1. Report, by residue number, each residue of the range B:571-592 that is buried (at least 18 other Cβ atoms within 10 Å of the Cβ) and either farther than 22 Å from B:Trp550 by Cα or hydroxyl-bearing (Ser, Thr, Tyr) (or both).
2. Which of the following residues is open to solvent by 10 Å² or more (accessible area, probe 1.4 Å), outside any helix (DSSP H, G or I), within 26 Å of A:His73 (Cβ to Cβ) and within 13 Å of chain A (Cβ to nearest Cβ): B:Phe393, B:Phe412?
3. Looking only at the range B:452-494, which residues are of a type in the set (Gly, Ala, Ser), away from every other protein chain (no Cβ under 13 Å) and either open to solvent by 20 Å² or more (accessible area, probe 1.4 Å) or part of a helix (DSSP H, G or I) (or both)?
4. Report the residue count in the range B:307-342 for those that are farther than 18 Å from B:Glu390 by Cα, buried (at least 23 other Cβ atoms within 10 Å of the Cβ) and either among the polar types (S, T, N, Q) or in contact with a strand residue (DSSP E or B) (Cβ under 8 Å, 6 or more places away or on another chain) (or both).
5. Could you identify the single residue in B:Ala49, B:Ala101, B:Ala45 that is aliphatic (A, V, I, L, M), within 20 Å of B:Gly179 (Cβ to Cβ) and at pLDDT 95 or above?
6. Condition test on B:Ala340, is it more than 14 Å from chain C (Cβ to nearest Cβ), within 24 Å of B:Ala450 (Cβ to Cβ) and free of Cβ contacts under 8 Å to residues at least 60 places away in the same chain?
7. Tell me, which residue of the range C:119-177 that is touching a Pro at 6+ places or on another chain (Cβ under 8 Å), open to solvent by 20 Å² or more (accessible area, probe 1.4 Å) and under 18 Å from C:Asp87 (Cα atoms) is nearest to the other protein chains (Cβ to nearest Cβ)?
8. Restricting attention to helices (runs of 4 or more DSSP H) lying wholly within the range B:262-370, give those where 1 or more residues are of a type in the set (S, T, N, Q) and under 22 Å from the mean Cα position of the chain (by Cα).
Amino acid sequence: MIRREFVRLPVARWAISVGLLVALGGCSALGHGFLAAAGPVATHERQLFLVVSAILVFVAGPVLLLTPLFAWHYRLGNADDAYRPNWNFSWWVEALIWIPPIGIVVVLAVLLWTWTHIDDPYRKLPGAAPIEIEAIALDWKWLFIYPDEGIATINQLAIPVGRPAHIRLTSATVMQSMLIPRLAGQIYAMGGMTTELNLAASRPGQYLGKNTQYNGAGFARERFTVLALPGAGYQAWLGRAHAAPRMLDQTTWRAVAERSVVPQPVFFGTVQPGLFGQVVAKTGGSGSAGTMHGMPMKAKDSR
Amino acid sequence: MNTPVWPLLLGRFEWRDLPFVRAILDPSASNLVGAFAGGLVVVGAIVVALLLTRYGKWRYLWTEWLTSLDHKKIGIMYIALAFVMLSRALVEAVLMRGQQAVAINNPGFLTPDHFGELFSTHGSIMIFFMAMPFLTGLINFVMPLQIGARDMAFPWANSVAFWLTAGGAALMMASLVVGQFSTGGWTGYPPFTELAFSPDVGPDYWIWAVSLGSIGSTMAGINIACTLYKQRAPGMAFMAMPLFCWTSLCTSILMIFAMPPLTVATALLALDRYLGFHMFTNDLGGNMMNYANLFWLFGHPEVYILILPAFGVYSEVVSTFSTKELYGYTSLVLATMVIAVLSFTVWVHHFFTMGQSANLNAVFGIATMTIGVPTGVKIYDWIWTMFRGEVRFTVPMLYALAFMMTFVLGGFTGILLAMPPLDYLVHNTLFLVAHFHNMLIPGLLYGMIAGYHYWFPKAFGFRLDEKWGRIAFTCWVVGFYLAFMPLYVLGASGMARRTHEIFDPAFRPWLYVAMAGAGVLFCALGSLFVQLVVSIRNRDALRVFAGDPWDGRTLEWSIASPPPEYNFAVVPNVDGRDIFYRRKHAEHQAGPYAEPYAYEDIVMPRNSASGVAIGVFAAVSAFGLIWHMWWLGVAGGVVVIAALVTRSFGRDQHRILLAADVAREDRRWRAALAEAQAIPRQREMTTANQGLAER
Amino acid sequence: MSKTATEIEQPNAEQDDTALFGFWIFLMSDAVIFALLFATYGTMTQATAGGPTAAAEFKLLPAFIETLLLLTSSATFGRASVAMKYDEPRRVLFFWLFVTLGLGLVFLGFEAKDFADMVADGAYPSRSGFLSAFFALVPLHGLHVIAGCFWLIVMIVQVRVIGLDRRVKLNLLRLGLFWHFLDVVWIAIFSVVYLGGHIA
């Protein structure tokens, strides 16, 4: 299929080998993202990606085919083509140009509506009662509080495999965004407000999470690990966390809130209750504007 | 070094605000790059001044260009500004690509803050000081010629708008020499850009540069709209206008309605920063979500402001170089209007992840996808224009073809991003960066470069070198694919944007390819400059004085190249679309070059220094406000107001060109026309092309 | 037929039409700015951060007086426009322009006192988001009125120095549009901000 003369060109050979190298070496990169989904939310979202991409091939395809085809066939040098310099309209062509795209948009709209409601970060996942987690975005680290367990960590989130986690987020500093691409989509964390994210892991493993909303010099290093542990492993992790000597209260909070990158995860064995609410209030939450899903007033617009 | 030098006079300026001082105190790679950049600006300004003195061109520059109210001159100045700023922003992109290629488990050669400034200036410059000036310049130059007008509706306001934009660009350049720029991106989201998190001059530079640019663009929008509504030649109904004029009209309406939200967003941020307001702060009731809404109420129509003029260029280019009438004129007009209206209904898709309800996100997602329909209609209309035409692969046509095929890939990823669940996965990753560059480079930039090639002969009287044009084209296309396709993969792999350091070695091969692409794009820009130099040197061989090098269809090709100051010796009467082409090919008429029955006196505006004064001193005032040099802020403002008032009192602002002189100039051109050799399209790229088309 | 030097300086009817059309469009863009500030204000009426509220701070009597002043000034400007259109004696035009200016300045005086009272009461813009939104919107209108008064002074001087040539008349027409526009915006402020602040 590829002409022999073309392959003999040194440039072509170089381009092909580089291309293969990149594809082979680089494909492992995709294992870091949603194409290697490891939880029900990311898996469902990946499904949408594949379905929509397949449909869109029929949108892009005609353009990619017809453009070079027409341009080449109707080139000035070609004497074998018809030339109709004043031909500028045809109802058939109009119908072809307007109707199929509208149809495709309608189909995509149905998909969009359905998937958006199912993959809503605020939607509680089916199954067992979720693990409750409070996440506070800081410069440049994430603080995870387990209010039901009375423990907290910096930059390490552990969840039991197969059980949903319900994360409430806020920011003690600027707008941030928590993304764990192999498990779920992201959600902003903002001062004075709470947002929510529901996710689960269906396989044990270590998954990377990060902030994607630029917040200064330490932004690139604001990463954390999500450990999806089988039941016993999760209990063991909790045990280790409870045993941690550090305490998280108003005094130690000051040190935590300082602008810094934390190279290794830190554990707090005891946490002062209500700390999350205090952070929300301190960063401007007037108390009434608790959740911001929908309009600030609509507390009743909950899942 | 760390305390203000002279607060009363110099505000908060400290010695270490000079990049040269920073480089001496700490000669890190990052500081040396900064000092070099600052030095380039200073040395560049000095070199330009020296050259102007050496060749005695100060007076020429002042009277022929800077103070001119002529839409053609202003248009060319806009485009020259765009090319200068494109050069800077492209170099910044190469630096960022370089940093990301090198900084894998390694701090790289740029500090995080320096990197932060680079992505902020890159975006701000490309949008506000490259793309907006480029498209405004093209519209300025071409549109009045296409509608048979002598100038824009408000020539003086045209000058003011240009100089405000130039003033904003000057502030961007000043940030290289003194102080630093914002690290908050081109979007400037609070609370990061509030005093609590960024107390330095950076966000203030951003606020004022963008404000000056946005006021200039609003004025330009009003001017363009009024010109199209009121100055069309007799007989030119709206549906007889060239497509480029339709897209200019819709662009201008978008400018009028979309720039104010930006003005409000930046002004409110300024109130927070200067007067301690709490519009967007974390504490005391500020609401950062209002900023996001205001900014993107501007930001989404803005990208349609950027793309519609390029669509207009493609309509002209594809029709002319398919030697055929544009297919589906009415559909194209309808599609343009639908795009303009819908562009105001989709802004939330820029922050799907901000926690809105599923209903809200879904509605905006569906609205976003809907814009794909009229856009697709336009692309198909261009494809069907080629059908049964005679396609010539000139450089502008090559850009149009590359655009059609590459832009559709960006549309593909755009629909993906319009789906909230997918946006949740790739928002703020390199996938998003790849998508919008996929729209802006093949869409806007190829369109602007195509327009530059297409109308350059009209503006200057000689064609651009075709060989170097093809070299540049190849580099732009290859460079784009190499630089941006890897970013889709990286974004899908979870790599965030604006990342100065990478910790996943698996990303390395993709970042290397992207770096190579950036290098090729740099060569593309270089090729354009080489092309310009080569063309100027060969201008006699490339001359197309007769005015119609491409066998054009619209009115701008019916006059000399370059056009006389007043464009048309006699304002033409129009009776439909593609009037020039029809007159060339109508058997029974006198033809497109018949001498007018009678010449009349023409009133032209005189030059004015007030536009320059307003732009320059608005920038000076802004500079004072940035540095808290309150005396300078006030003084600059006073000069601006004084210039306005002075202009308002002036009563010697026009001059008459006598009919006899107009007649003489016109007859000279017609005489030369009679001597010129008409050529068929097969020879349009040869030196035989004098700008006269065979009929 | 050649035109004289003064003739070419004056706009013809077509150019007048275009100039007024352009000014309407500029007013539209200004209206968008005010609309956005109203919308922003609307989202922040509850963001009082424990500080002064609308009901406590917005005094309806001064606001009502300001409304009357501005409405009257629009009427007096209209009277001035009539004087200009029907070529009444110059002093009539001057009189009504001066009255308009006076009313505008008195309006500004009342508004300044209003703001000073609020600040003395602890209702200053940096106290809360609600007050910031108020002080972003209402003083912007005030700044426009200041600009209008400055423009009025310039026009009075121009009529005195240059006379009523076509350009001066055109500028007066545009100033009229601007002045009436500010009146409309004030009515919205009075209704949405002041009256609205006492309803909720």
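1. Result: B:Tyr581, single match.
2. B:Phe393
3. Of everything in the range B:452-494, those that are of a type in the set (Gly, Ala, Ser), away from every other protein chain (no Cβ under 13 Å) and either open to solvent by 20 Å² or more (accessible area, probe 1.4 Å) or part of a helix (DSSP H, G or I) (or both) turn out to be B:Ala459, B:Gly469, B:Ala472, B:Gly479, B:Ala483.
4. 1
5. B:Ala45
6. no
7. Of everything passing the filter in the range C:119-177, C:Arg167 is nearest to the other protein chains (Cβ to nearest Cβ).
8. Passing ranges, in order: B:288-321, B:329-342.
The values are calculated or read from the model by the stated rules, or taken from the named source; none is laboratory data. Everything numeric in this text was worked out from a predicted model, so none of it was measured. Glycine gets a Cβ as well: all are built from the backbone with ideal geometry, and neighbour counts include every protein chain shown. Accessible surface is based on the protein model in full, side chains and every heavy atom, while ligands, DNA and RNA are left aside. Shrake-Rupley method; radii C 1.70, N 1.55, O 1.52, S 1.80 Å.
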